[in-house]
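What follows is calculated from the coordinates using simple rules that are stated; it is not laboratory data. All of these numbers come straight from a predicted model, not from anything done at the bench. Because the Cβ atoms are built from the backbone with ideal geometry, glycine has one as well, and the counts that use them run over all protein chains shown.
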Amino acid sequence: MADEAAAGRPGSGRSRWLWWLGLLFLLGYITWILAPYLRSVIVRDAAVTARIHVATAPLRGTIHELAVSIGERIGADGLIATIRNPLADRSALAQAEARVALAEANVADLQAELDQLRQLDLELQDRFARHAELFAHDLESVVAGAKAELTLIGQRLALVRSMTERKVALGRTGTASQSAIDEARVQVLELELLQTEQETVVARAELRLRAIADGLPLLESGNDPDWGLRSRTALRLELARLAGSLADATASLAEARAVAAAAQAAFDQISAGTVTAPAGAMIWSVVAGPGTTVDVGEPVAKWLDCNVLLVDVPVSDVEAALLRPSMSADVILEGERRVRHAKVLLTRGAAATIGEADLAAIAKGRGSGIGQAILALEQTEADVAACPVGQAAYVDFPEIGLIDILRARLGV
């Protein structure tokens with residue numbers, strides 16, 4: 001019996017040794033799997049970060065002045081730098097300005113000529129009005145005289161008719177001769193003819209007075225007295241022609257000014273410009289300083305929007321696969337005790353992590369074979385003012401534990 005027990009000891013020792021070896025191997029494997037997770041808990045290897053935005057030059061030229069320096073906030077005008085191009089070609093602008101000057105001179109000449117002709121037209125109108133007034137007074141006197149003669153003729157005609165009637169009555173009784181009666185009748189006819197002639201004179205004079213009121217004076221012969229009416233007709237035609245020419249010249253001037261304004265805007269775009277960013281943004285770095293010549297699209301400065309703070313979290317590929325957008329996370333910044341809240345924006349595997357070209361700060365726990373989670377950090381006004389980019393942080397994902405990582409790694 002003792003021999004059998006002694007014989008079995010070596011076998012029992014080897015079994016225990018194999019069991020302990022297997023246990024150590026399992027623990028080592030688990031430690032290897034959980035190392036990134038445990039390291040993030042102990043070291044706080046995440047970092048507060050923000051997206052890098054690049055402000056580029058809008059034109060080719062030399063940086064004249066930088067309005068802000070590294071770490072400063074951009075003012076309300078959004079100005080970062082001004083750029084000038086002293087070699088900008090202004091020939092197109094000069095030609096446009098020359099066309100404007102020529103068009104303005106043409107308009108001024110036509111306007112002056114039109115004003116002179118209008119003044120002449122006013123003088124002719126005044127002359128015509130004075131002639132018409134005198135002519136009307138003369139016709140009024142003719143009408144007044146003719147009407148007075150008509151009154152006298154009427155009185156004489158009444159007397160002659162009365163005498164004629166008496167002579168005719170006496171002729172019936174034989175006391176008046178027939179020749180006396182005929183002579184009286186002839187006087188009546190002569191007076192009636194004279195009355196008709198005077199009435200015609202009054203009617204024609206009144207007609208001419210009405211024609212003067214309508215601007216159409218007529219002489220006794222019916223002709224135009226030519227007090228400037230015919231010359232005004234030619235003048236009016238010239239006024240109409242000049243008014244049309246002035247309208248065309250004014251339109252040409254407006255077109256020339258529009259072309260000049262466009263040329264000025266184009267020249268301004270190639271001769272001077274500004275590099276801008278949103279007000280309140282922080283200058284992260286200055287790529288080109290004063291006196292540097294830059295081309296269109298070349299970076300001048302990089303800036304951060306402190307209103308949108310992120311957290312760069314190094315995670316294993318297994319943990320990255322378990323994270324989902326909008327999943328909650330707890331964040332504790334270095335030097336603080338309070339827990340901040342964040343949401344997962346995106347995750348990247350170790351082969352496609354976002355680097356320094358896009359993020360202002362990279363987590364110190366980042367290394368070969370380590371994936372990445374980008375979180376949107378809830379922040380206060382004090383955080384926006386402080387803009388703690390680059391500060392280390394500890395991140396915990398409450399919805400993911402060690403068991404979840406082991407099960408994902410082991411495929412259970």
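Provide the gained length on full extension for the span SER368 to LEU134, in nm with one decimal, where the gain is 0.36 nm per separating residue minus the Cα-Cα distance.
Values: separation 234, 0.36 × 234 = 84.24 nm, distance 11.45 nm.
Stretched out fully, the SER368 to LEU134 stretch lengthens by 72.8 nm.
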Taking the chain as a Gaussian network, where each spring joins two C-alpha atoms under 10 Å apart, which residue of LEU237, LEU377, LEU345 fluctuates the most? LEU237
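In what sequence do ARG60, ARG340 fall when counting other Cβ within 10 Å, fewest first? It would help to have the intermediate numbers written out before the result.
Details: ARG60 17, ARG340 21.
Fewest-to-most ranking of ARG60, ARG340: ARG60, ARG340.
GLN116 to GLU165: extension gain in nm, 0.36 nm per residue of separation minus the Cα-Cα distance?
Values: separation 49, 0.36 × 49 = 17.64 nm, distance 7.15 nm.
Value of the extension gain: 10.5 nm.
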What is region 243-352 by shape, rounded, prolate or oblate, if you read a ≥ b ≥ c off the alpha carbon gyration tensor as root eigenvalues and call it rounded for a/c under 1.5, prolate for a/b larger than b/c, and oblate otherwise? prolate
Size of the dipole of the chain about the Cα centre, Lys and Arg at +1 and Asp and Glu at -1 on the beta carbon, nothing else charged, in debye to 20? 1620 debye
Eight or more residues apart or on different chains, and alpha-carbon atoms under 30 Å: count the Lys pairs in the chain matching that. 4
Over the Cα atoms of region 93-248, what is the Rg over Rh ratio if Rh follows Kirkwood? 1.47
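Treating only the Cβ atoms of Lys and Arg (+1) and Asp and Glu (-1) as charged, compute the dipole magnitude of region 157-303 about its Cα centre; round to the nearest 20 debye.
Details: 14 positive and 18 negative charges, 83 e Å.
It comes to approximately 400 debye.
Which of the helices in the chain, when you take each full DSSP H run, stretch at least 30 Å along the axis at their Cα atoms and have an average Kyte-Doolittle score of -0.5 or higher?
Values: long enough: 2-43 (57 Å, 0.59); 91-173 (119 Å, -0.01); 178-213 (53 Å, 0.02); 229-271 (60 Å, 0.39).
Helices meeting the span and hydropathy rule in the chain are 2-43, 91-173, 178-213, 229-271.
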GNM of the chain, Cα pairs under 10 angstrom: of TRP303, TRP17, TRP284, the biggest fluctuation goes to TRP17
Once you charge only the Cβ atoms, +1 for Lys and Arg and -1 for Asp and Glu, what is the size of the charge dipole of region 93-248 about its Cα centre, to the nearest 20 debye? 940 debye
Given R₀ = 30 Å, FRET efficiency for THR200-ALA243 by Cβ-Cβ distance, to 0.05? 0.10
Signed unit charges on C-beta, dipole axis of the chain, positive-most listed residue LEU253, VAL300, PHE128: VAL300
Which of MET282, TRP19, LEU237 sits farthest toward the positive end of the charge dipole of the chain, with +1 on the Cβ of Lys and Arg and -1 on the Cβ of Asp and Glu? TRP19
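To the nearest 500 deg cm²/dmol, what mean residue ellipticity at 222 nm is calculated for the chain from DSSP H runs of n ≥ 4 alone, each contributing -39,500 (n - 2.57), summed and divided by the residues? Present the calculation step by step, with values, prior to reporting the outcome.
Working: 7 runs with 225 residues, N = 412.
My calculation for the chain gives -20000 deg cm²/dmol from helical runs alone.
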Among SER316, SER326, SER141, which comes first, second and so on when ranked by fewest other beta-carbon atoms within 10 Å? SER326, SER141, SER316
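Tell me whether region 289-412 comes out rounded, prolate or oblate; compute the Cα gyration tensor, take square roots of the eigenvalues as a ≥ b ≥ c, and use a/c under 1.5 as the rounded threshold.
Since a/c reaches 1.5 but b/c is at least a/b, the shape of region 289-412 is classed as oblate.
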Candidates ALA234, ALA373, ALA392: whichever shows maximal mean-square fluctuation once the chain is modelled as a Gaussian network with Cα springs under 10 Å: ALA234
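Between GLU149 and LEU207, what is the FRET efficiency for a Förster distance of 22 Å, r being their Cβ-Cβ separation, to the nearest 0.05?
Computed FRET efficiency for GLU149 and LEU207: 0.75.
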Would you mind computing, in nm to one decimal, how far apart the modelled labels at LEU189 and ALA352 are, each placed 7 Å from Cα along Cα→Cβ? 13.2 nm
Modelled label-to-label distance, ALA262 and ASP295, 7 Å Cα→beta-carbon offset: nm? 2.9 nm
Two pseudo-spin positions, 7 Å from Cα along C-beta at ALA254 and at GLU381, lie apart in nanometres by 5.2 nm
